[in-house]
Each structure stands twice: as C-alpha cells, then as structure tokens.
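Trainee: Okay, here's the structure, questions in a sec.
The values are calculated or read from the model by the stated rules, or taken from the named source; none is laboratory data. In this text, all values refer to a predicted model and were calculated from it rather than measured experimentally. Backbone-built Cβ (ideal geometry, glycine too); neighbour counts: all protein chains shown.
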Amino acid sequence: MNLASTDNYNDNNFRVGSRVQIQPEFLDNNCQHLALSYGEIKKIQGTQISVLLDKQDNKAYKPHIVHIPTSWVTLVGASFEVEQEQQISNNTDELVFSQPSVNIDPEFKNLILPLSDEEKSILEANLTKSGCLYPLLVWKGTGILLDGHNRYELCQKLQIPYKIEEVEIESRAAAICWIVNNQLGRRNITPEAASYLRGKRYLNLKGNREDNLKQNLPNGKNCRSMESDSEQDLPNGNVCRSMESDDEDLPYNDLITLDVAKELAEEYKVGERSIRNDANYAQAVDTLASTQGDSLKDSILNRTVKLPKKEILELAELTSTKGKEHVQKRLDEKLKKPDIVEQIKNKKRVPNPHHVGEVCRIISKGNPDLKPVAGAWCIVTQVNPHSCGIKTWKMDFPAVKPENLEITYGVCEQKAAENCDRILKLFQKVREDYEPAYMAILEVLSKVPDPSNFTRRQEQLLTILEQEYKL
C-alpha cells in the first residue's frame, strides 16, 4: 500500500483501542477507497499502528487490518477526550487501558482443554499481529469466564485489549454443560480429552440431582444414586432410595429415577457403560493432577504423554494405597519406556545379504506370487534394505524378501546372466505360438543346478530352439 507521509502527528493522543479515521489528504490515488474509513487501533509499535477497519455499506471492502503510520489518521468522537485523560507511566513504556472485569472460576477453568506448545505459540502470534478479534464469553450477571481462557491469559500478558460478550445461563450445572459441549466441539480434540469432559459432566450432573433429591424428600431422608450398585438389584434402571432404613420399602411410584448415564449416552451417541467409564477416567486424571501437578493432566489430555486408560486408573488407585512417591516412581518408569515405534526405528537393521548379479534359488514359502517359479534359479538385479529385485526365465519380480532367495554358490554369475537372457528370449517366442514341448524344455533348463554350466545335451537343446526361432 503506497501512502503519502506527513509529520503532522502527536503520539500522546493514541492508545490501543482508540477510534480513528483515515484522512484522505494523506492517500495516493490507489488508496482513496480507504479515505474517511473508521477503525480501532489494535497495536502500536513506534510510529506505526495496526487498525481494524469497520464494516461500512458504502465501502467496497471487508473488515480487515491495515498497518499505517499514526500521522495518517486522526482520533474521532468522544474517544479523543477519553484518550487525553489517560496517563502514561513515566517509568515504563507500558500502555494503560481499561479492560472489562472477568472472573476466573477454578472448576470452569479445569474443564478448558490445554493447548500444545505449538498451538499456544500460534495463538500468541495471532493476538500480537491482529489483536483479540473475538469477544470473551462470560456468564451474564457474574462475569465468570466461560470461553476464552487461553486468549484472556495471553491478553493479560501482552496487554492486548479484549471485549466480552455475556451468555445467559440459568445455573452452575448449565454453565458446566455449556463449557463441556463447547469444548467437545473443537476440531482437534483428542479421545482422551473427550472422555474426560463427558466424565466431568456426568459427575457434576449426577451430584446435582442427588443434592436436589435430598432437599425434596420428606422427613429429611437421605437420597443417593444407585448407579454404582449391581444391576440385578435395580428395578428398571438406576433409582434413588431412602437411606434412613434399609428395611423400609417405598412404593415403586415413589422411587426416583436417576438415569444420568442413559441421558448423556443418548446425547453423546455412546453407550451408558462408556459414560460411567468416562467418569472413572475423569476422577483418575484429577487424582493424578492433584498429586503430580496439572502439567501431567495436560500432557495426558493432549497426548503429549501416552498412557492407556487402564494404566491411568491403576496409577490413581496406587495414589491412595501406596502414596505419591510410589506413583511418581511408576510414572518415571513408564514414561522412560521407549515407544514401540521408536524401538523399531532405533533397532539395528540386519544388512541385506545379497548383491546385484548374484544367482539364487527361489523359495516360494510365504509368497504365493512366487509359486509359478518355485525352485527356479534367478539373477538379483536390485538390492533394497529389505528386499531384492530379481529376473527369472519367464518374468521379473521387483520386490522379493531375502528369505525367499537361497544363494547358489560356485556359479559363474556372468555366464548365468547370459544363459538367463537366452532362455528369457526363447520363452517370449515360445509363448506366442505355445509349443508345450518347447515350454517344458525351458522349464527344465530354468531349474538346473548350475545355470552357468549347462551339460552338452542341455546346450544342444538350447541351441536347437534358438535356431528354430532364429535367435
């Protein structure tokens, strides 16, 4: 973008978030379409600013960011008076701006999936370049952050302004449901993270229903979920019963069903057992996080550390029985164990024992494609790390395993290669007018013990056939 320059500029008037207008007298003919455009300053770097242009019906462009000198714009509206009142610290170059109030709920934050180092670096680069383009979502009336925890953390660190948008939610359980479903909608979510989120929602929903039932039961009778009990003791699913007396039988109509697992299974299109397993998995991950740190939980959910669910459940159980130190030792042993793929990569390869020009006998065991030439001798034409290319009396094979080739010792390789070419040329001629007797002779010659030293009669037969086809 070619724009004219001017020195008419006062840097004390501009702040991140200021509203500005591009002045037409500073633009050349190619950039006149930006004249009088309004926008918001997203970044200030020296005498350069990044401005997010507003969408305007009379402008032939979509909202986008332009990088221009501060001298090409002027502050507009009430923004100018507000900017004049703001102060810049005398000791630092840090920009001061007023941000909307945001509250962080630890339980809600625990449901936010961690970013990998690469994802976090990309997000930080995008925020630095373009600003926070999308508002942070908060629970209306509470200011509790629902979505945008990673952006909020980076905006605070980089002092990038952000906007908030309120979401109407009726209860804390509904807020957790909203966060879980929002996180499950991420494109790059791992199976471990999805299982963890479903389990957390199950545990939350199950606990809230039990609390509500306790409050609503007459005579203050306690109520608990029967989902953990054996299925044969439950009529028509999971029920909630009075715990005041085990002998007291409530009428069936008074039994309160707590089929949380079924409800979530239908919502997420998985089995009820999967939902309960997800809950156990979520509890196990949280147990490890409480003793080994949140970094382990993040590594498990984004697959930086690959631990099967069975091992995570075992480690969580060991936390209560053996203690933190024992679990840490087991973790160190498991994480130091090399991955099977790495073991294969690092395994010392056995060199291919064959070489180009070598004469071998074909063994068809384990390779049905070699049956038509089983027992015949061949010439190695190519040697690969794990295979060989070979030439036989009737066809070529580009990749044959070394174990399908038996070395023939004491053979003159040059003479064997010449005889192989002679038989191959005859085979191509004989195949055209197919003479069974001639084909049988060629097949016998392809299996002689020493292809470099035919007997007198074998040489005579080969010569007669060559004269027959004028080769």
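Trainee: Of all residues in segment 364-381, count the ones that are touching a Gly at 6+ places or on another chain (Cβ under 8 Å) and hydrophobic (A, V, I, L, M, F, W, C).
Mentor: Qualifying residue count for the region: 2.
Trainee: Say whether the condition of being in a loop (DSSP other than H, G, I, E, B), modelled with pLDDT of 90 or more and over 23 Å from residue 442 (Cα atoms) is met by at least one residue in segment 358-370.
Mentor: no
Residue-wise test of (1) touching a helix residue (DSSP H, G or I) at 6+ places or on another chain (Cβ under 6 Å); (2) of a type outside the set (Gly, Ala, Ser); (3) farther than 22 Å from residue 371 by Cα; (4) at pLDDT 90 or above.
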| position | (1), (2), (3), (4) |
| --- | --- |
| 406 | no, yes, no, yes |
| 411 | no, yes, yes, no |
| 414 | no, yes, yes, yes |
| 420 | no, yes, no, yes |
| 430 | yes, yes, no, no |
| 433 | no, yes, yes, no |
| 444 | no, yes, no, yes |
| 447 | no, yes, no, yes |
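Trainee: Tell me whether segment 424-435 contains one or more residues that are touching a Cys at 6+ places or on another chain (Cβ under 7 Å) and touching a residue at least 24 places away in the same chain (Cβ under 8 Å).
Mentor: Checking segment 424-435: not a single residue is touching a Cys at 6+ places or on another chain (Cβ under 7 Å) and touching a residue at least 24 places away in the same chain (Cβ under 8 Å).
Trainee: Now for a different question. Among the numbered criteria (1) at pLDDT below 90; (2) buried (at least 17 other Cβ atoms within 10 Å of the Cβ); (3) closer than 25 Å to residue 278 by Cβ, which single criterion is violated by residue 110?
Mentor: Among (1) at pLDDT below 90; (2) buried (at least 17 other Cβ atoms within 10 Å of the Cβ); (3) closer than 25 Å to residue 278 by Cβ, the lone unmet condition for residue 110 is (2).
Trainee: Among strands (runs of 3 or more DSSP E) lying entirely in segment 160-249, which contain 3 or more residues that are at pLDDT 90 or above, among the basic types (Lys, Arg) and surrounded by 16 or more Cβ atoms within 10 Å (Cβ to Cβ)? Write out each step before concluding.
Mentor: On the way: elements: 164-167, 223-225, 239-242.
In segment 160-249, there are no strands (runs of 3 or more DSSP E) which contain 3 or more residues that are at pLDDT 90 or above, among the basic types (Lys, Arg) and surrounded by 16 or more Cβ atoms within 10 Å (Cβ to Cβ).
Trainee: Taking segment 390-407 as the search range and keeping residues that are under 43 Å from the mean Cα position of the chain (by Cα) and buried (at least 17 other Cβ atoms within 10 Å of the Cβ), which one is farthest from residue 425 (Cα to Cα)?
Mentor: 402
Trainee: Among the numbered conditions (1) among the hydroxyl-bearing types (Ser, Thr, Tyr); (2) within 26 Å of the chain's Cα centre (by Cα); (3) modelled with pLDDT of 85 or more, tell me where residue 319 comes up short.
Mentor: Only one criterion in (1) among the hydroxyl-bearing types (Ser, Thr, Tyr); (2) within 26 Å of the chain's Cα centre (by Cα); (3) modelled with pLDDT of 85 or more is unmet by residue 319, namely (2).
Trainee: Restricting to segment 115-135, and then to whatever is outside any helix (DSSP H, G or I) and small (Gly, Ala, Ser), can you tell me which residue is nearest to residue 188 (Cα to Cα)?
Mentor: 116
Trainee: If you don't mind, another one. Which members of segment 289-324 meet the condition of being touching a helix residue (DSSP H, G or I) at 6+ places or on another chain (Cβ under 6 Å) and farther than 20 Å from residue 188 by Cα?
Mentor: Result: 289, 291, 312, 313, 315, 316, 318, 319, 324.
Trainee: A further question follows. Among 393, 377, which is the only one that is of a type in the set (Phe, Trp, Tyr) and out of contact with any Lys or Arg (no Cβ under 7 Å at 6 or more places or on another chain)?
Mentor: Being of a type in the set (Phe, Trp, Tyr) and out of contact with any Lys or Arg (no Cβ under 7 Å at 6 or more places or on another chain) holds for just one of 393, 377, which is 393.
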